[in-house]
Amino acid sequence: MSLINKEIADFTVQSYHQGVFKTVSKADILGKWSVFFFYPADFTFVCPTELEDLANKYDEFQAAGCEVYSVSCDTHFVHKAWHDASDRIKKIIYPMLADPTQVLSKDFEVYIESEGIAERGTFIVNPEGKVVAYEINAGNVGRNADELFRKLQACQFVHDHGDEVCPAKWQPGAETLKPSLDLVGRL
């Protein structure tokens, strides 16, 4: 079943963000764009490369009006320990959400119950709290923050220009498509 246009459920979780523990809830994400970036676990191998890649692009996400939330089933205490111990993770200034009760990973349908961890899932959530794009990768395949940012920009464009769609490899300023009325129902 697709998660496109699914409104995310109410949630309240702890986070590690800029040196302090903070509570983050659904109310905090409404009214702006969000990326939920699930990863299997702290102190692993592929995860720090992805999180660093995202940290290097974070200013661009912020300039586009989007908050990034990394999420694992670890506690906020483990996030802090990893942040303190890893040079790559020290670069992170976006909120690291703790999901030890799996409230988020189950709602976004990425929880691997037999392992107690989340799949490598990326979700773009619009200001209304609805999923507008997502992808799930195998645990051994890292993601690309540049492509994620391009998808965010495309989602924002379509959100603001409902009668236009973005073709493959669309970049801001590139030509879009305006589907004819007889094709709209088949998109």
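Of all the listed residues (Ala81, Ala168), the sole one being open to solvent by 40 Å² or more (accessible area, probe 1.4 Å) and in a loop (DSSP other than H, G, I, E, B) is Ala168. A single entry from Asp87, Asp42, Asp107 fulfils the requirement of being of a type in the set (D, E, K, R) and modelled with pLDDT of 95 or more: Asp107. Evaluation of Val68 against the conditions (1) under 23 Å from Phe149 (Cα atoms); (2) out of contact with any Leu (no Cβ under 8 Å at 6 or more places or on another chain); (3) free of Cβ contacts under 8 Å to residues at least 40 places away in the same chain; (4) open to solvent by less than 40 Å² (accessible area, probe 1.4 Å) shows that the sole unmet condition is (2). Checking every residue in segment 137-148 against the condition of being among the hydrophobic types (A, V, I, L, M, F, W, C), within 16 Å of the chain's Cα centre (by Cα), over 22 Å from Lys6 (Cβ atoms) and surrounded by 17 or more Cβ atoms within 10 Å (Cβ to Cβ) gives at least one match. Selection of segment 90-118 for residues being in a loop (DSSP other than H, G, I, E, B) and crowded, with 19+ Cβ neighbours inside 10 Å yields Ile92, Tyr94, Pro95, Asp99, Phe108, Val110.
The values are calculated or read from the model by the stated rules, or taken from the named source; none is laboratory data. Treat the numbers as computed from the prediction; the structure is a model and nothing was measured. Positions of Cβ are backbone-derived with ideal geometry, glycine not excepted, and every protein chain shown enters the neighbour counts. Heavy atoms of the whole protein, side chains included, go into the accessibility calculation; ligands, DNA and RNA do not. Shrake-Rupley method; radii C 1.70, N 1.55, O 1.52, S 1.80 Å.
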